[in-house]
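First the structure, in the form of structure tokens, and then the observations on it.
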2 protein chains.
Amino acid sequence: MTDEGRRNVRDLRRGNRAMLLRRLYFHGPLSRQELVQTTGLSSASVSNVVADLIEAKIVVEAGSVESDGGRPRILLRVDAARFEAIGVDVGETRIRLERFDLGLRELGSVDVPVLGGQLDPKAVVPAIAAGLAELTAGAQAPVLGVGIGVPGTVQHQPYAVVHGQTIGWDALPLEELLREHTELPLFVDNGARTMAQAEMWFGAGRGAESAVFLLLGSGAGASVIVDGAPFRGSTTSAGEWGHLNAEYGGRLCRCGARGCLEAYVGAEAVIARYREAVGAAVIDTDDEEEGLGRILALAEVDAGAAGDAARSVLDETAVRIGVGIANVVNFLNPQRVIIGGWAGLAMAPRLLPRIHEVAQAHSLRLPYSLTSVELGALGPDAVARGAATLPVARFLESGA
Amino acid sequence: MTDEGRRNVRDLRRGNRAMLLRRLYFHGPLSRQELVQTTGLSSASVSNVVADLIEAKIVVEAGSVESDGGRPRILLRVDAARFEAIGVDVGETRIRLERFDLGLRELGSVDVPVLGGQLDPKAVVPAIAAGLAELTAGAQAPVLGVGIGVPGTVQHQPYAVVHGQTIGWDALPLEELLREHTELPLFVDNGARTMAQAEMWFGAGRGAESAVFLLLGSGAGASVIVDGAPFRGSTTSAGEWGHLNAEYGGRLCRCGARGCLEAYVGAEAVIARYREAVGAAVIDTDDEEEGLGRILALAEVDAGAAGDAARSVLDETAVRIGVGIANVVNFLNPQRVIIGGWAGLAMAPRLLPRIHEVAQAHSLRLPYSLTSVELGALGPDAVARGAATLPVARFLESGA
DNA sequence: TGGCTTAGTTCGAGACGTGATTTAACCTGT
DNA sequence: ACAGGTTAAATCACGTCTCGAACTAAGCCA
């Protein structure tokens, strides 16, 4: 309510510059004419600002469009090679760093396994620092910054602090710790949100103004996009879809409450429910990906009791997800609901029809009819790419 | 993603003008000095813009603050008498129009009973038009516009069209119909949202950036405030809290789905559940307000079976509301959750402790600890006042 | 080659915000 | 009563911005 954006003429210029830059970035090569029409700026100003951007080597000319009688239009595009950005995916089993150009094309990557499956903060920071050093050494252009997707809630006070209950991170001051190893701007955010950001820019969310991304992995999370930007809530913990209550007094959730959706639909929960149904020894692996795969396979090929149990467990999973989607549709009325995460993508082929059916039955007619429920397009590994969008987004917003 | 706000220097001025005006409006009399400090503008610009506003007679000087050695600061305030606004509450039993000054002090009102309890569109439009004529005739200052809160979903395409399934309005082009009777700018929105807006400006939401207002009347709705503005979703139907699923396969809701929260917590549902528990004849009134009152009284004073049933029904209501609040807290992480609506305010004194208890038990620890759950401060009749904020908000945003 | 059409640039005008300077309005101490 | 000090507000000169109009560039066609 106090201060918002533009005040003086320089800010005005920066805003217009950012507007043109964003448009060129997201809507491909465009002529000055098209920029004039879509932004509402005068042709004089467009010429002026574009000249700035060209001089700064951020925008380059990219051929021209054949004319029908007049001077041909010169196309402009953002020079993707002008800057680079680094994205980091801090996962539960590995840390992956990727280097991208401005257009988010991957230029290099480093994988660091997490020893013993434990994300010890003392080991994570040096691992990231080492990876950063390796990647920046290979950079062909200035690096705008480093985006880091972490499993947990990120608060800025004012430097990013991570609260990750599932991985035992208690108020880890990640930004300050990394600050000792690099001068690059750091952008830390929740991994689910960075993944959603990647889908918004390049995947299933492209073009939507509002969308909800459901991330089914070991557990269940979500990221809510409102007006094209992630909604964080008052303390950045919005989007805990997995802890919507699915059944009063139901299964105990690892958060301590009873009946959370996550106690039914994440890979961990699906496996646990299957074990309860058929006896603990049947799925004899600790690898959730493998365990979930076996249940899916049994449901597909086994005509006996083990297959019946698998089908039953998966059907309830679809029902719970469907109701959870209906809740999202009724309460937030998004343009799209997008299912992602490795477990979600693995189960979706089998469950999607049932999910649609249940979601429809529990949704209000009008909003559901205008919402599409679909799968993520970038696969389960979009966290690092989404993280790299953070410095790029800052670059575009600031107008360079 | 295309065009947003400021482009040229005139827009810049308008934005700064709006910023100062908003600040003066919401933060009471302020000196130019204080404006300089809180807005970040230079003192030259503040003087300049304020001179404009004074010349337009929107802002007036309002005494001065004693100095400690220097020239005293002259206080400025928005002249509440300079403009007026009209708010309309289209309720299920009556239509109420109120006339306000710029500071939203009530200056006059007209009540139109709805004949036979039926909101016939053919009768509503002339009724509103007649009320408007009466109120504008009494206006002492130019009327900025008319805000109208209606029970139903409002879509702008581009003129306001109301879809009200509960009252049998099917795509009623209310704005166009009223346009034939008045030249005043019209602002139509859902009544729950206008009520929430009133609470945000003058009631329990004051100062919050994000809040969720739960409106318990005959049914159950909500209005979600994000970044100080109502969130409408992609097709303006966001906030259907009453249709979150409370129990899979549960009670049939009037929306057609099973297990909606509204089938448990609205006045209609509470009365129905009580009747089921004790026999249909016990609450022998069609007036929901009276019926709910009797149940509350029985719970309070009757030690026998009728009281037990009332207590049991009300306890389950508290549990359902509590879980519903936990869902909101987990998913949206608002600063505040505010319970309003006539039924909500009537039940709250008895239910609030239990609601808090259940909400806490089903919420994630961190977000719940930072969220306050409280009651609306403006009572059940804030719809018209909230509606009147719509033209005022437009006035403030545009910078007059 | 000359006219026509469209794209992009240049230029002068008008509007704005800012820092520095000036004026206004009050207080304190003598 | 009056000078000196202090703070608030207004004024001024300057630089920056966008815009419309005029102008130049670069193609087509006959």
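Values in this text are rule-based calculations from the coordinates and carry no lab data. Computed from a predicted structure; not experimentally measured. Heads up, the Cβs are rebuilt from the backbone with ideal geometry, glycines too, and the neighbour counts pull from every protein chain shown.
By the count of other C-beta atoms within 10 Å, a proxy for reagent exposure, A:Cys253, B:Cys260 are ordered fewest to most as A:Cys253, B:Cys260. Exposure proxy for A:Ser67, A:Ser109: other Cβ atoms within 10 Å of each Cβ, ordered fewest to most, give A:Ser67, A:Ser109.
For the range A:243-251, 3J(HN,Hα) computed residue by residue from phi via the Karplus equation (6.51, -1.76, 1.60; θ = phi - 60°) reads 10, 5, 7, 9, 7, 5, x, x, 4 Hz, glycine and proline entered as x.
Listing A:Thr194, A:Thr93, B:Thr153 from fewest to most neighbouring C-beta atoms within 10 Å gives A:Thr93, B:Thr153, A:Thr194.
Here the relative contact order of the range B:3-78, from alpha carbon pairs under 8 Å that lie six or more residues apart, stands at 30 percent. Between B:Ala361 and B:Ala171, the C-beta separation translates, for a Förster distance of 51 Å, into a calculated FRET efficiency of about 0.75.
Over the residues of chain A, the helix contribution to mean residue ellipticity at 222 nm works out to -14000 deg cm²/dmol, using -39500 (n - 2.57) for each DSSP H run of at least 4.
Taking a quarter of the surface of the Cα convex hull of the protein assembly as shown gives a mean projected area of 41.2 nm². Cα centroids of the range A:56-83 and the range B:72-125: how far apart, whole angstrom? Between the Cα centres of the range A:56-83 and the range B:72-125 lies a distance of 55 Å.
Since only A:Pro29, A:Gly70, A:Ala51 are under comparison, the one whose Cα sits farthest along the positive direction of the charge dipole of the range A:3-78, derived from C-beta charges on Lys, Arg, Asp and Glu, is A:Ala51. Would you look at the GNM of chain A, springs on alpha carbons closer than 10 Å, and say which of A:Asn16, A:Asn327, A:Asn48 moves the most? So, out of A:Asn16, A:Asn327, A:Asn48, the one fluctuating most is A:Asn48. Taking only Cα atoms, what is the 0 to 90° angle, nearest 10, from helix A:191-202's long axis to the longest principal axis of chain A? It is inclined by approximately 50 degrees. With respect to chain B, whose longest principal axis is taken over its alpha-carbon atoms, helix B:267-278 is tilted by about 10°. Rounded to the nearest 20 debye, the dipole size of chain A about its Cα centre is 1360 debye, using +1 on the Cβ of Lys and Arg and -1 on the Cβ of Asp and Glu.
The spacing between the range A:273-327 and the range B:194-261, judged by their C-alpha centroids, is 35 Å. Placing a label point 7 Å from the Cα of A:Glu183 along the Cα-to-Cβ line, the residues of the range A:128-172 whose backbone N sits under 20 Å from it are A:129-147. Each copy carries a label point for A:Pro121 at 7 Å from Cα along the beta-carbon vector; from one copy to the others these points are 6.1 nm apart, nearest first. The same position B:Ala277 in the other copies lies at 3.6 nm from this copy, comparing label points 7 Å beyond Cα toward the beta-carbon, shortest first.
The angle separating the long axis of helix B:342-362 from the principal Cα axis of greatest extent in chain B is about 80 degrees. Only one residue of A:Leu215, A:Ser363, A:Cys255 has its Cα farthest out toward the positive end of the dipole of the protein assembly as shown, where Lys and Arg carry +1 and Asp and Glu -1 on Cβ, and that residue is A:Leu215.
Starting from the label point of B:Val36 at 7 Å along Cα→Cβ, the same points in the other copies fall at 4.3 nm, in ascending order.
Note on A:Lys122: aspartates and glutamates with a C-alpha under 16 Å away, same-chain residues under 8 apart excluded, are A:Glu92, A:Asp170, A:Glu175, A:Glu176, A:Glu180.
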